[in-house]
Amino acid sequence: MAITVYWISGSPFAWRVLLALEFKRLAYDSRLLSVQKGDLASPDYLSINPRGKVPALTDGDYTLYESVAIMSYLERKHPEPALFGRTPQEHGLVMRWLSEIAAYIETEGIAIPRTIFFADWNDAARETIARQVDRLLPELQRIEGQLARGAWLCGAQCTAADIALYPLLQIFWRASLVAERKGGHPALARIAAGNFPSIANWCKAVESLPGYERSYPPHWREQ
């Protein structure tokens, strides 16, 4: 039976899985869900992911959710092309970066798009954004330094670390555009894409990967 992936447009975590599937050139059925229609809360979907979030994946009778777990599963079942390294040392480096992305980029940064997209645009929201930018900026500077020394986070090849990070950065920058429509926030200029030339070049490399266009959030093309 075919792999089926469940996702919503614009979710950076679902985007990771789509990029991984495309990178590995795997056939899959795509199930684009709608938050507005209540798809994530439907009994059918909750039987797949009881947390009511995306992404989720089914592969025959096997069901899995959480983006890094899904990427790891795909790697074990379809080892080539490799996303988690080929040696213990390479694997350890990829896992270290994945851990850092989860602990510092997601934890410190995800409040920025959530606030911009979903919170009332008031002083409390602006204070949240300023505080999280202060915390996120050193992480982006560290990544910029790493990518100034090499094409990818873990060396000469794209890995799961790159695929995990890229959608998060895109959602930060997408949120900044939405913030401009609400009146803007000066702190967001500090994490603008143009401040990080090595990250910008790396983004172009990700965007040149096979299947990238199929992974791109469809509703972003319409706005």
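Brief remarks follow.
- Every residue from the stretch 203-216 that is surrounded by 14 or more Cβ atoms within 10 Å (Cβ to Cβ) and over 27 Å from residue 131 (Cβ atoms): 205, 206, 209, 211, 212, 215, 216
- Only one entry of 221, 131, 174 meets the criterion of being more than 30 Å from residue 29 (Cα to Cα) and of a type outside the set (A, V, I, L, M, F, W, C), and that entry is 131.
- Annotation: of all residues in the stretch 111-143 being β-branched (Val, Ile, Thr) and in contact with a Phe, Trp or Tyr (Cβ under 8 Å, 6 or more places away or on another chain), the one that is surrounded by the most Cβ atoms within 10 Å (Cβ to Cβ) is 112.
- For the stretch 156-196, a residue qualifies if it is under 13 Å from residue 133 (Cα atoms) and either modelled with pLDDT under 95 or not basic (Lys, Arg) (or both), and the qualifying residues are 169, 172, 173, 175, 176, 185, 186, 187, 188, 189, 191, 192.
- Number of the exception - residue 106 against (1) touching a residue at least 60 places away in the same chain (Cβ under 8 Å); (2) touching a helix residue (DSSP H, G or I) at 6+ places or on another chain (Cβ under 6 Å): (2)
- Any helices (runs of 4 or more DSSP H) falling wholly within the stretch 37-143 and containing at least 1 residues that are in contact with an Asp or Glu (Cβ under 8 Å, 6 or more places away or on another chain) and of a type in the set (Lys, Arg): 67-77
- Screening residue 144 on (1) of a type in the set (Asp, Glu); (2) over 17 Å from residue 100 (Cβ atoms); (3) in contact with a Ser or Thr (Cβ under 7 Å, 6 or more places away or on another chain) shows it passes everything except condition (2).
- Condition check for residue 56: modelled with pLDDT of 95 or more and either surrounded by fewer than 18 Cβ atoms within 10 Å (Cβ to Cβ) or among the aromatic types (Phe, Trp, Tyr) (or both): no
The values are calculated or read from the model by the stated rules, or taken from the named source; none is laboratory data. The model shown is predicted, which means the values in this text are computed figures rather than measured ones. Positions of Cβ are backbone-derived with ideal geometry, glycine not excepted, and every protein chain shown enters the neighbour counts.
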